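Note sheet for the following structure.
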Amino acid sequence: QPDDRGLIGEVPVLRVTRHGPEAVHFVPAPLEPGATVLLSLDWDRRFDHMQQHSGQHLITAIAEQMFGFRTTSWELGRQRSVIELDTPSMTAEQVEALERSVNERIRERVPVTVRELAAGDPEIEMVRSRGLPDDHAGPVRVVDIEGIDSNMCCGTHVSNLSDLQAIKLLGTEKGKKNKTNLVFLAGNRVLKSLEQSHSTEKALTSLLKNGPGEHVEAVKRLQSSVKLLQKSNLTLLRDMAVLIARDFKSKAVQSQLFVLHRKEGDSEFMNIIANEMGTEETLLFLTVGDEKEAGLFLLAGPVEAVESLGPRVAELLGGKGAGKRGRFQGKATQMSRRGEVQALLQEFLSHRSPEA
């Protein structure tokens, strides 16, 4: 269970950990020894942890009683919690039955109590446990859910299952070898999840112009439309690349440098242009993507020129790339520096001898 937070006087507690029987508090500033201070607990955080931890005890106990699924570990996460069950799988019907059973216990308002046993008390052997820490000292703390579970535990818990409000099992995920992870929410997290889902549902209703029951079908139709548009767009880009190359080749006098940027293009678009033009004499600098931020680049032309200029182009654009056989391409993070690259290439060409 995560540690508590709060204040010691006016000083915030950053972390609490245990060294043997002592609780060690980490604070950003020293405290005056012997001073009287007011301790303030972050109750929302504490109560959330209480709900999740008691919820885990309840789910663990009922899962073992109903199906014989033992809990081998669990995690109290910030958004959701996960119980690792010693079973290779769990059916949807079992998850539903388990959820129904734990919520019935919550409605029955079953008491939760804490007791301490001496280290040598034989009753400890009757308590569910994964063993004590090596540095444990003092009595053994046991948390009892009346008539349901008795478990060795040092965490904080509710005093009655009714304080859990409700438990929602979100389903299972594949765990470690032959294990299943059961995901759950308890208490206020159920309400927060419902509020988030409701807000999302309202936003989708406004965007899709239909009711919640039609959202899935509406999104499927949109996905199909997008795929068709992407396919059409790709075909048009390929045709455009061919036309751009042919237009360049049709000119009586071809320049030594060809520069082109197309926001909607991709790496295939650039390579089609390079293939169609042929790069034995002309140096091509092609870019696609956002004009000022990230994108892709391709430098193509005479092999020696590209080998020399490629790494420098990538460096200017704040990116990385690789090349072979007269082509150097990669990703760029600073497309706004395309002008500097063009100036570099023009300077290179102006100093190159006619024989080169």
Per 0.36 nm of contour for each residue apart, how much would the distance between S89 and Q65 grow if the chain were fully extended, relative to their Cα-Cα spacing? 7.0 nm
In the range 75-107, the trypsin sites (Lys or Arg not before Pro) that sit in a DSSP loop and have at most 16 other Cβ atoms within 10 Å of their own Cβ are R78, R80
P(r) over all Cα-Cα pairs of the range 1-109, 5 Å bins from 0 to the longest distance, whole percent per bin, short to long, reads 2, 10, 16, 17, 15, 10, 8, 9, 6, 4, 2, 1
List the relative contact order of the range 216-316 as a percent without decimals, with contacts defined as Cα pairs under 8 Å and 6+ residues apart. 22 percent
Förster-model FRET efficiency, 22 Å R0, T333 and D266, C-beta, rounded to 0.05: 0.80
Neighbour net charge for W43 - beta-carbon separation under 11 angstrom, K R +1, D E -1: -1
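Ignoring everything except DSSP H segments at least 4 long, calculate the 222 nm mean residue ellipticity for the chain; use -39,500 (n - 2.57) per segment, divide by total residues, nearest 500.
-13000 deg cm²/dmol, from helical runs alone.
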Summarise the accessible area of the range 288-356 (1.4 Å probe, protein heavy atoms) by the percent that is carbon and sulfur. 49 percent
L228 to E146: extension gain in nm, 0.36 nm per residue of separation minus the Cα-Cα distance? 23.5 nm
With all protein chains present and a 1.4 Å probe, how do T71, T113, T205, T180 order by accessible area, largest first? T113, T205, T71, T180
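How much of the accessible area of the range 65-182, probe 1.4 Å, is carbon plus sulfur, in whole percent?
It is 47 percent, rounded to a whole number.
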Restricting the count to DSSP beta bridges whose residues both fall in the range 229-351, what percent are antiparallel, rounded to a multiple of 5? 75 percent
From the C-alpha coordinates alone, can you work out the Kirkwood hydrodynamic radius of the range 229-351, in Å? 14.4 Å
Which order do the peptides 301-314, 32-45 come out in when sorted by mean C-beta neighbours inside 10 angstrom, highest first? 301-314, 32-45
Can you give the percent of C-alpha pairs in the chain whose distance is more than 26 Å? 69 percent
Please calculate how many Å² of accessible area the chain carries per residue, with a 1.4 Å probe and no DNA, RNA or ligand atoms counted. 61 Å²
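Equivalent-ellipsoid semi-axes (√(5λ), Cα gyration tensor) for the range 287-356, whole Å, largest first?
21, 14, 8
The values are calculated or read from the model by the stated rules, or taken from the named source; none is laboratory data. Bear in mind that the values here come from a model prediction, so they are computed numbers and not experimental data. Virtual Cβ from ideal backbone geometry, glycine too; neighbours counted across all protein chains shown. These accessible areas exclude ligands, DNA and RNA; they are computed on the full protein's heavy atoms, side chains included. Shrake-Rupley method; radii C 1.70, N 1.55, O 1.52, S 1.80 Å.
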